[in-house]
Structure formats: structure tokens, C-alpha cells
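The values are calculated or read from the model by the stated rules, or taken from the named source; none is laboratory data. For clarity, every value in this text was computed on a predicted model and none was experimentally measured. Every residue, glycine among them, receives a Cβ derived from its backbone with ideal geometry; neighbour counts consider all protein chains shown. Areas reflect the complete protein model, heavy atoms only, side chains present, ligands, DNA and RNA absent. Shrake-Rupley method; radii C 1.70, N 1.55, O 1.52, S 1.80 Å.
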Amino acid sequence: MRGLIAVCLMSPLRWLVPSSAAISGASLLLQSSIGPIVLCGSASTTARLEQLQVWTNAGLLDPWRLLADWTLMTAAMMLPLTSSACARVAHAVVPRLRNWAILLHLAAYVLVWLVPGLLLVPLGLVVEASATPGFAAAGIAVALVWSATPLVQSARNVMHRSSSIRGFGGVALLDSMRFGAAQAVPCVVSCWPWMVVPFLFGDMHRPAMVLVAVYLFLDRMEPPSKPRWRLPPALVILARALDKPSRLGRA
Amino acid sequence: MTRLRKDIASLGQVWAPEVLWYARAVEALRGLPFTSRASWPYLAAIHGFDPAGWKAQGIVPDPTIVPDREQRLMFNQCQHAGWFFPPWHRGYLWAFEEILGGWIATNGGPADWAMPYWNYLSSAPSSRDIPREFIDPTMPDGKPNPLSKALRGPAHALGPQTWIPQDISLAVQTAEIVYTADPGTLGYGGPISGFTQQGNAFGGLESNPHNFVHVMIGGDATPNPAGWMYDPNYAALDPIFWLHHCNIDRLWEAWMTGASHQQETSPAWGNGPFPQRFTMPDVTGGLAVFTPADTLPGRPLAPTYDDLSKGTGIAVGGGGAMIMNVGGTGGGTPALVASNDETITVGESAVRSQLTLDAQAGNAGSLAMATGAVGGGGPVRVYLNVEGVRGMSPSAVLNLSIRKPGEDSVAAKKSLVFFGLANATARDGPHGGGGLTATVEVTDEVRDLGILDATGVAGLEVEVEQAVSGAASVTVDRITLYAKPS
């Protein structure tokens, strides 16, 4: 664990994690200024769903509002997962383009995630309205089984793959964006059920978001492996953390 | 009990007792079932394992006899192209030596048997020759020699060949580099990497002499199958692998005694890659883990060598001051200064690619100032990177010719060895298909070409040719120059 912390401090995580926290905090500020945030606001589930019903009945449901909420939620949860890719982009381009390349890379990443949001947001709202403890457990089970599939392992492998990024000029920025999109697609494949899981936890959806983000981060840590049915990497890591093997060379 | 590792050439005789016992142990361990963690194939598979190929070559009759879970935990662990290369191989060698030493002690041999090393860079005239004990078809008692029972290339000595014109060298031992490389530059141990059998870029020690020795012994890989030392999935099956890595390990040990050398000791390195662990079999048949910190001098897995100066390039070995650096890479921040703009494919014919200097980099007298590289203030060092090399051969050797654009005369030639290329290319394999990167310092060459003064030359040309005739084509994501203030 000390090694993990040390590596994190040496990587783009040292600014990605605070950024993620800031985005999450921004949703609270929006909550206070423009009323209940549908997806991630601090209002209770009941209050948010009631507000949603009011807007729907009045024909005032604003898809752009939902889109903004989804973007905030995705960015807050996904930013830490982009650490290796951001490091790759930063290294690949000339210094004066570095910040723009990373920004465009992340923008492309989040933009790709907007597409599945068209389905996942309504799905999330529906499951939130129906959520019971048993339903939440079932939802997590579905997400875990999905994570155990060979398809998802293939997607994880793709996320470990580097891509050629040209070093300067406009093409460097285009390549950085292309890399962001190429990273986001397998991310969607592997993570989409987990983005619904927080909706299953009602008023506890914010802590659930944090736990899901940590879970997905651990999932990303495992190196690539042959696609097969397998225990999700995050669970393997947690099991390994409890294991106390003997040390080579020590009596 | 201290195991003192000695130069095989200094043991006093051919087929010295240490080597005889090694041969007996190899033979015995080859006779153990694959499921035994002390068996020769099991120990080799920890480095790399190709189930279908091993079965086809009759190395193991049934690769599936080792449970899948055990295979995933123990096999294909070898650390290449990253900063864990030296410590992982040290721990691997230590575990191997303990297991063989245990067998030797219980079968009438010395309790303190130690693995000899092959000092191929010593000044002795025959140092480059593959030791005779690994060539002779029989042992002194007339029995078949297990040390020569390996698939190899035709060469009986290390050194330049027609297909690989560059020699092994001790340049890395005295180069002004620190252990950990910044991306785009060269470090002794390599760049920061996670637990990956094929990481990003080779460190200096791994590049030369390590990779060169592998392909020189494995041979020109047009024969199929390739010589075992040419392929990381087979290399540890060859008994000479262990002699070679013993010397590589000794070179690292010697380097750490150099007064100006900075060994990485940060927790990020010392605690090893999270979440994976380096796991080895122990003498009881169980499993044990180790970290890179365990391999540093004075720690449990630290080896003992008879000599650290002969053939190491280190003038004063075994007791000199050691500066331990914590997590630093030294000097200023490196910056990209030149690049080609397309992926190239290198097949049978050489490919010329133009590297264009970043337009803004050429506007100032000093490349370091122009690139905005920060820190340092001393001379600029320039590194050529051949990045994202992918191909289906077990390894590849690329010969580079560096020129001024439009000229025929060659300013510099470099050979780069991509050991384990196929493993790093496999898209659904354990390496994600990212390919390999090799880095060489070209400060003097580009200074002579005038690039560092940013006068006149707007770029350079790099011609890339495959060394092995008939080899499968390779692709190169890009070729770049990085500049780093010292």
C-alpha cells in the first residue's frame, strides 16, 4: 500500500483526485444556487424524485440539465481512472501543448461518456425510484458478474494499451483527443453497470459514488491478462490485501 | 551461510566442481514433474511460458498439468522494460540458486554452492567465448551434458555479427545517468513501470549488454523455432541464461558501488508494483514474496560476489561510497524536441524517416532554452527514442543509420534490441499490446550535426532496418528526440 500511495503521488493522480473532488463539490454549489440537482444533488432521494415529477408534469424537464448533471457525475468518478493516459499524453507532446493536450484528451473522454448517458440516466432514475435493499444487492451482483466476463477483460486490456500521439502541431491535439475517445469506449463497456449502482442507494448515493470510483480504480490497477471468466480484479486485489504471505529470504 | 558467486573463468579449471554440480542439478531438476515448483521447466516458466510451443518442442508433455490458478500467479512474471528489471531478476536468481543449492547440498555437494557468473566483458581474450562447459556434448564422465542441451544460435562467442554489427559494452556502467529514467531519456535501471512483463522502455543495463547477449546467443531468428535465449518465453530453459543473469546482476551490484551513482530507493520502487507481487518458490516448495527493497545491499536477497571491478567498468568496486537517491531522476525536465510524423513499417527493406525539429525549439541558441525545459542549467543531453515498436517475432534487432536530411553519409549507427517483442505486441496478452521502446543517447551525434546549436539543420533522418533477414515486419509508432538539461 505504501508503494501504491507513493506511485499515486508521482502520477497525474496528484491533481486528478483533487479535480474529481472539486467537481463533486461543484455539484453541491449548483444545488444551492439553482435548486435540486437531479442526479447527484444533496437533496434527499424523495425530494429529488418529487421535483423530477413536478418538472415532468409541468413539461419543464430540461434535458440539458440532466446532461450537465451526468457530465459532472461522470467527470467526478472517471477522472482518477485516466491517470496513466494523462501521463502518456503529457509525455508525448511538446511542453507548450501539454496542458491543452491533456484537457482535450479528458474532454473527449467525458464526451464519449455522454452517449451512454442517454440510456443510463433514465435507467438510473427508474432504479432509484424502485430501490430497495434487495434491489441494491441484486444491482451490485449484476455489476460484479458483468465485470467478471471475458468481454470486460478485453476492454480492460484495451485501456492499458498506448497509442501513437504526434508531438507537436494541431495533429498532436487531435491525436490526444482521439486517444481520449479510444480510452473512453472500453471504459464505457467495462464500467456502465457501475454507473447505475449509486442510484440504488437512495440518499446514500454520494458515498456509493465514492466507493464505486475506488472500486473502478482498483479494477484498473491490475495489468492486462488473457480474457476469460474471472474474479473482478478489484476483488482479487482486496483479497490479496488480506493475505500475509511469507517473505523470501527471511527465516 | 554465504554463497560466494565467482567468475566461471576463474574457477581454476574447465568443469570445476561448481559447474559439475550445476550440471548435475540441472539434470535432476529436468527430471522432476512440471508440477514441482523445483522442476527445471517450472523455474523457467516463471520467467516466460509458451504452453503450445513448449508442448510442440517436447519441453513438457502436458502444459495444463500445472493448475491454471498457479500458472496465473507464478508464470510469465519476468520484469522487462522498466525499473523493476534489476531487482526482479535478482530475486529470481536468488530463489533459483537456493533451490539448486538445496538439491546440491542434499546430494553430496557443498552447502555453500553458488551460481557462477560469465564475465563476458572482462579484458581476458576468451571472455566472449561461451564457456566450454556449455558447448561440450558430454561431461567428463562421458554422460550427455545437460548444460549444452539447449536450442541456440550458431555463434559460440559474443560479439558483433553480420546481422548485429554493434558490440556488447560497459558504456552504461560509467555513463552519467541515474537509476530511474525520466520518460524519453535513459536511466540505468529503467523508467517507472507497474507490474508488467513488458513495460515501456528499456533501461541502460537491460539494453546493453543484457538484450544483446540474449539475441547473440539465441541467434538470428529466421530458423523456427528460434534459439531459446532469443525468446523470453524460453530463455530460462537454457542453462546459460543463469550464468548470463548472474553477470548482469553483478554489473548492477558494481554500479551501486560507484560514488557518483544514484540508486533508486523510493517507496514507489522499493515496495514493488501494486497490486501485483513478486512471488517465488522457496526451498520448502512453498511460495514467498519479495520486494525490490529486499534486494538492495545489506538486505535479505543481496548477493555476494568475489569481485566487482573486473569486467564491470567500475574502477573501485566492493566498498566504495554509495549514494542512495530517494525517488529522483536527476537534472532538469526532459522535453520533446523532434519527431517524425507517421507510423512506419519495417519489413525486408530499410525505411528512412524524417524527424522534424519542433519549430519553436530552433529559435534560440540553446536547445534547452528553446524547448522550455526547466531546471538544470548545464549541458543538454539528447536521447533518440524508437517508440511503440510492435511485431510478431519473439525479439527484434533494428539497425539505425542517422544522417542529415538528404545526405548519404551516415553520422552514426546504432543497433537496438527489442527482447520480448511478440509478448509486448500481443493485444490480449499480459502486456496490452503497447509494444516496446528503446532509447539511446545521441548527444554527441546531434551536436556534430549542428542541431543543438539550432543552426541550419531543421531535423535529421533516421533509417531503420531489420537486422534479421526474413523476419516478420515491425511497426514503429514514432521516432523522437528528447532533450534534457543535465
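At a glance:
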| read-out | value |
| --- | --- |
| Label zone at B:Leu4 (point 7 Å along Cα-to-Cβ), backbone N below 19 Å, the range B:16-44 | B:16-22 |
| Where chymotrypsin sites (Phe, Trp or Tyr not before Pro) fall in DSSP loop in the range A:195-251, at most 11 other Cβ within 10 Å | A:Trp229 |
| Among B:Pro140, B:Leu121, B:Thr162 the positive-end extreme of the charge dipole of the range B:118-166 (Cβ point charges) | B:Thr162 |
| Simple spin-label estimate for A:Ala141 and A:Asp203 in nanometres, 7 Å along Cα-Cβ | 2.7 |
| Per residue, in Å², the accessible surface of the protein assembly as shown once ligands and nucleic acids are set aside, probe 1.4 Å | 38 |
| Inter-label distance for B:Asp444 and B:Ala56, nm, one decimal - labels placed 7 Å from Cα along Cα-to-Cβ | 4.4 |
| A/B buried area, accessible surface, summed, 1.4 Å probe, Å² | 3700 |
| Label-point separation in nm, B:Leu73 to A:Trp64, each point 7 Å along Cα→Cβ | 5.7 |
| Nonlocal amide H pairs with B:Ala396, under 5 Å, H built at 1.01 Å | B:Phe418, B:Phe419, B:Gly420, B:Leu421 |
| Stokes-Einstein D for the range B:139-221, Kirkwood Rh over Cα pairs, 37 °C, 0.692 mPa s (µm²/s) | 218 |
| Environment charge of A:Ala101, counting only residues whose C-beta is closer than 13 Å and scoring Lys/Arg +1, Asp/Glu -1 | +4 |
| Net +/- balance of residues flanking B:Ile192 in space, Cβ distance below 13 Å, scoring K and R +1, D and E -1 | -1 |
| Length added when fully stretched, A:Val214-A:Arg247, from 0.36 nm per residue minus Cα-Cα | 9.0 nm |
| Charge dipole (chain B, unit charges on Cβ, about Cα centre) - positive-most of B:Leu449, B:Leu93, B:Phe241 | B:Leu93 |
| Lys pairs, the protein assembly as shown - Cα-Cα below 28 angstrom, 8 or more residues apart or on other chains | 13 |
| Where the Cα pairs of the range A:106-246 fall when distances are cut into 5 Å bins, in % | 2, 9, 16, 19, 18, 15, 10, 6, 3, 1, 0 |
| 37 Å tail of the calculated P(r), chain B, as % of Cα pairs | 25 |
| Sequence-separation-based contact order of the range B:67-222, relative, with Cα cut under 8 Å and 6+ spacing, percent | 31 |
| Three semi-axes of the equivalent ellipsoid, the protein assembly as shown, Cα gyration tensor, whole Å, largest first | 47, 33, 22 |
| For B:Gly190, residues with placed amide H under 5 Å, excluding near neighbours | B:Ala181, B:Gly204 |
| Positive minus negative residues near B:Gly203 (Lys, Arg vs Asp, Glu; Cβ under 13 Å) | -4 |
| Relative contact order (%) - criterion: Cα under 8 Å, at least six apart; region: chain B | 18 |
| Scattering curve values for the range B:61-181, log₁₀ I(q)/I(0), Debye with Cα scatterers, q = 0.11, 0.16 Å⁻¹ | -0.65, -1.33 |
| Percent carbon-and-sulfur accessible area, the protein assembly as shown, ignoring ligands, DNA and RNA, probe 1.4 Å | 61 |
| The range B:110-179 - convex hull of the alpha-carbon atoms, volume per residue in Å³ | 181 |
| The range A:183-251: trypsin sites (Lys or Arg not before Pro) falling in loop per DSSP and having at most 14 other Cβ within 10 Å | A:Arg228, A:Arg250 |
